[in-house]
Amino acid sequence: MLAVTTAGQLTVRAASSEVVPEGTLVRDASGKLHGHVVRVFGPVSRPYLTVRPRRTPSVSDGAALLGATLIRE
């Protein structure tokens, strides 16, 4: 994960050019559900995704997610 926006959404970089549809659920490596994709933007070769979390992450939760790999369901 790259960033937590001021609105509490997560910005993630896709691992490849594979299409990730809006509404796709996103989990971390341990299987914990973090939210769903609400926007896909950027270069087609490796787009960015905006993920709306189930709940707004606290500062410590957001810091723990930075650099983490999130996977789609």
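Name every residue in the range 53-73 that is surrounded by fewer than 16 Cβ atoms within 10 Å (Cβ to Cβ) and more than 13 Å from Val4 (Cα to Cα), in order of residue number.
Of the residues in the range 53-73, the ones surrounded by fewer than 16 Cβ atoms within 10 Å (Cβ to Cβ) are 54-56, 58-61, 63-64, 66-69, 71, 73.
Correct list: Arg54, Thr69, Ile71, Glu73.
Out of contact with any helix residue (DSSP H, G or I) (no Cβ under 8 Å at 6 or more places or on another chain) and on the phi > 0 side of the Ramachandran plot, is that true of Gly35?
Details: out of contact with any helix residue (DSSP H, G or I) (no Cβ under 8 Å at 6 or more places or on another chain): yes; on the phi > 0 side of the Ramachandran plot: yes.
So Gly35 fits the description; yes.
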Selection from the range 8-32 of residues free of Cβ contacts under 8 Å to residues at least 60 places away in the same chain, surrounded by 12 or more Cβ atoms within 10 Å (Cβ to Cβ) and either of a type in the set (A, V, I, L, M, F, W, C) or at positive phi (or both) yields Gly8, Val12, Ala14, Ala15, Val20, Leu25, Val26
Tell me the strands (runs of 3 or more DSSP E) entirely within the chain that contain at least 1 residues that are modelled with pLDDT under 90 and among the β-branched types (Val, Ile, Thr). 70-72
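Check the range 44-52 and report whether any residue there is of a type in the set (Gly, Ala, Ser), exposed (fewer than 13 other Cβ atoms within 10 Å of the Cβ) and either on the phi > 0 side of the Ramachandran plot or without any contact (Cβ under 8 Å) to a residue 24 or more places away in the chain (or both). Give the steps one after another, and end with the answer.
In the first step, residues of the range 44-52 are kept if they are of a type in the set (Gly, Ala, Ser); the result is 45.
Now drop any that are not exposed (fewer than 13 other Cβ atoms within 10 Å of the Cβ), which leaves 45.
Checking the rest, the ones that are also either on the phi > 0 side of the Ramachandran plot or without any contact (Cβ under 8 Å) to a residue 24 or more places away in the chain (or both) come to none.
No, the range 44-52 contains no residue that is of a type in the set (Gly, Ala, Ser), exposed (fewer than 13 other Cβ atoms within 10 Å of the Cβ) and either on the phi > 0 side of the Ramachandran plot or without any contact (Cβ under 8 Å) to a residue 24 or more places away in the chain (or both).
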Evaluate the following for Val4: is it surrounded by 13 or more Cβ atoms within 10 Å (Cβ to Cβ), aliphatic (A, V, I, L, M) and without any contact (Cβ under 8 Å) to a residue 60 or more places away in the chain? no
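The values are calculated or read from the model by the stated rules, or taken from the named source; none is laboratory data. Because the structure is predicted, anything quoted here is derived from the model rather than measured. Cβ coordinates were reconstructed from backbone atoms using ideal geometry, including for glycine residues, and neighbour counts include every protein chain displayed.
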